[in-house]
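Have a look at the structure below before the remarks.
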Amino acid sequence: TAAEKLKKELVTEGDGLYADTYEEGRYIYRGGTPNNYITFNEENAGWRILSVEADGTIKIIRDKSIGEKAFDSKGYRDKTSNGAGGTYCAGSSYGCNAWAKNDNFVNGSLTGTVLKDAELNTYLNNDYYNGLTEAAKEQITTGTFKTGPVTYNDTNLGNTVTIENNTTWNGNIALATASEYVRTSNNSACTSVNAYWHTSSCYNNGSTHNWLMKIMNSNKYNWLLSPIIGDLSNSSNVFYVYYSGLLNDYLASNTAPGVAPVLYLKSDIQLSGEGTAANPYIIK
């Protein structure tokens, strides 16, 4: 299987596939230039393998943005939607930062119902999904995406992962999380959300040790999946990656030029190729 093939190339230093320190049985590509290119949806070397999951599925991310999108436009779910978004989303006038419907979404001191999926969620899992080739649709499997809100000042990445994992959504397509953005770095000084928020050496020219940064900052700024718990809890702000590679937050209603879809490939696929840009992995 693809998972077996990829795990034969495990590394403990440099660029490549590492055992994930924070989730047992999971493996993640780290470093500036790992060989994790894959052809998907007839896009030659147009995607990158993010991780090999514990169940053998392969998590991939598109190498370029699909275009400018708001996470959640004004009036779609927020207080100007006349209650369409639920009680949690009604606390914001600038879109809502919850990714999916939830009977009791918790973000710090804020709790409430979320009655509609985020606008970007709906777009990715309808219009964008429907535009994939039939072969690509057959290769995708429904995956569990971690959608819990996290704080920018957390210096313990394990804690960040735990909080993200407390809220999940099952579906076809979503985005990378704040902790995944940090975990793709192999710089030992840059192992927390706080570091990518406050430590300039982690994000200025940081792509030399973080391949995901190259995708995320190629379009000025790029949405992540994680809502933010700020100093004052709110229901509007979402993590994004600024053009320098800096982690920051952005109002859900703003239009970001960076949207890199993330999805899971089935565990029974097989791969050929070497994972380089010139000879990417091909799904057999």
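Just so it is clear, none of the values below were taken in a lab; they were calculated from the coordinates. Given the structure is predicted, the values throughout are model-derived calculations rather than measurements. Because the Cβ atoms are built from the backbone with ideal geometry, glycine has one as well, and the counts that use them run over all protein chains shown.
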State whether segment 240-284 is rounded, prolate or oblate according to the following rule on the C-alpha gyration tensor (a ≥ b ≥ c being the square roots of its eigenvalues): a/c under 1.5 gives rounded; otherwise a/b larger than b/c gives prolate, and the remaining case gives oblate. prolate
Residues other than THR162 with Cβ under 11 Å of its Cβ, Lys/Arg counted +1 and Asp/Glu -1, net out at -2
Only helical DSSP H runs with n ≥ 4 go in: add -39500 (n - 2.57) per run for the chain, normalise by residue count and round the 222 nm mean residue ellipticity to 500 deg cm²/dmol. -4000 deg cm²/dmol
Among (i) -0.58, -0.82, -1.11; (ii) -0.65, -0.88, -1.12; (iii) -0.79, -1.07, -1.31, the entry that matches log10 I(q)/I(0) by the Debye sum over Cα atoms at q = 0.11, 0.13, 0.15 Å⁻¹ as calculated here: (i)
If I build a Gaussian network model for the chain, linking alpha-carbon pairs within less than 10 angstrom, which residue out of ASN44, ASN186, ASN248 has the largest mean-square fluctuation? ASN44
In nm, to one decimal, how far is the modelled label at ASN156 from the one at SER201, with both set 7 Å along Cα→Cβ? 2.4 nm
Could you order the peptides 174-182, 161-169, 256-264, 136-144 from most to least packed, using the average number of other C-beta atoms within 10 Å per residue? 174-182, 256-264, 161-169, 136-144
Rounded to the nearest Å, the spacing of the alpha-carbon centers of segment 8-80 and segment 226-284 is 7 Å
